[in-house]
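Worksheet: one structure, shown below.
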Amino acid sequence: MKIPYFHVDAFTRRTFEGNAAGVCPLSEWLPDETMQLIAAENRHAETAFFVRQGSGEYGLRWFTPSVEIDLCGHATLATAHVLWRHLNEKAERLTFHSKSGPLMVTQRGCRISMDFPSRPAAPASVPPDAKEALGIDPIFCGKARDYLLVLENEDNVREIRPDFDRIAAWDAFAVIVTAPGREVDFVSRFFAPGAGVPEDPATGSSHCTLVPYWAERLKKTEFEARQLSDRGAELFCELAGDRVWIGGEAVTYLTGTIEI
């Protein structure tokens, strides 16, 4: 079997930055175990698989190297980029049917913008070993799908040296750490070692939780954000009721064929 394959760097304008995603167009779904093996072989934070369902409509699924997940921003952006740039998609708006419901994606100039569900974090107790795991004393802790830990400043976020074994034992999918930015509205980092992604270079889904928090704190609805991973990432977000628009750019690094 031969499967077209695209390697795309998302949430960046430059190759070797942002977050790398694998994208696999399918004529029909492969067995779950096969898609999981492909994702493990790719070793990206996520590999996206999609199947056309109608004009501008696609089923979309995402796999980390170890599990299928319910929502992924950078691999959704990468999939839209592949459809518009490489697969001659003519629709101006795409709808991806996913485990998180329908996700609308549009092009706004050179950016691709995604309509995702808002996931506000409810106040929660700080995990008891947060100091040992991250070396931090957060000024706020919340929890949605992920823990949200808020620090005082950008340097605090940048200087974290996580203990991934401790974080993997926490009762959440992942951990988001955030603070006000010096040149942008806010910065963040994202750790999901329990899902096979120790630190994610760029995370769209985390901004479903970050944006409602910063909207309340900063009393605004539009944001420029930066993820402080080694590769770095730029995201442009807007809160719209119970939805969050998450935008960014993408570049293709590689096109090829998977043979299995």
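No lab work stands behind these numbers, since they all come straight from the coordinates. Predicted model, so just to flag it, every value in this text is computed and none were measured. Here the Cβ is made from the backbone with ideal geometry for all residues, glycine too, and neighbour counts use every protein chain on show.
In terms of overall dimensions, segment 43-162 has a Cα radius of gyration and Dmax of 18.0, 51 angstrom.
Cβ-to-Cβ counts within 10 Å put M104, M1, M35 in ascending order as M1, M104, M35, the fewest first.
The magnitude of the dipole of segment 152-237, with charges of +1 and -1 set on the Cβ of Lys/Arg and Asp/Glu and taken from the Cα centre, is near 120 debye.
Taking only the C-alpha atoms of the chain, the Rg (one decimal) and the largest Cα-Cα distance, Dmax (whole number), read 17.5, 52 Å.
Hey, which of these cross-link pairs are over 27 Å Cα-Cα: K143/K219; K2/K90; K131/K219?
K131/K219
The calculated Kirkwood hydrodynamic radius for segment 122-243 is 14.2 Å, given to one decimal from all distinct C-alpha pairs. Between the C-alpha center of segment 183-244 and that of segment 105-166 there is a gap of 8 Å. Whole-Hz Karplus values for segment 43-55 come out as 6, 7, 4, 9, 10, 9, 10, 9, 10, 5, 10, x, 5 Hz, taken residue by residue from phi with 6.51 cos²θ - 1.76 cosθ + 1.60 and θ = phi - 60°; glycine and proline positions read x.
One quarter of the convex hull surface built on the alpha carbon atoms of segment 97-178 amounts to 7.2 nm², the projected area averaged over directions.
Every pair of different Cα atoms in segment 168-210 enters the Kirkwood calculation, which places the hydrodynamic radius at 11.0 Å. Computed over the alpha-carbon atoms, segment 1-110 gives an Rg to Rh ratio of 0.93, Rh here being the Kirkwood radius from the mean inverse distance. Annotation: the residues I246, I3, I112, I258, sorted from fewest to most other C-beta atoms within 10 Å of their own C-beta, follow the order I258, I3, I112, I246.
Toward the positive end of the charge dipole of segment 7-50, with +1 on the Cβ of Lys and Arg and -1 on the Cβ of Asp and Glu, the farthest Cα among A48, F16, I38 is that of F16.
Mind checking the full-extension length gain between K99 and E183? Use 0.36 nm per residue of separation minus the Cα-Cα distance, one decimal, nm. Don't skip to the answer; put the middle values down first.
On the way: separation 84, 0.36 × 84 = 30.24 nm, distance 3.47 nm.
Full-extension gain reported as 26.8 nm.
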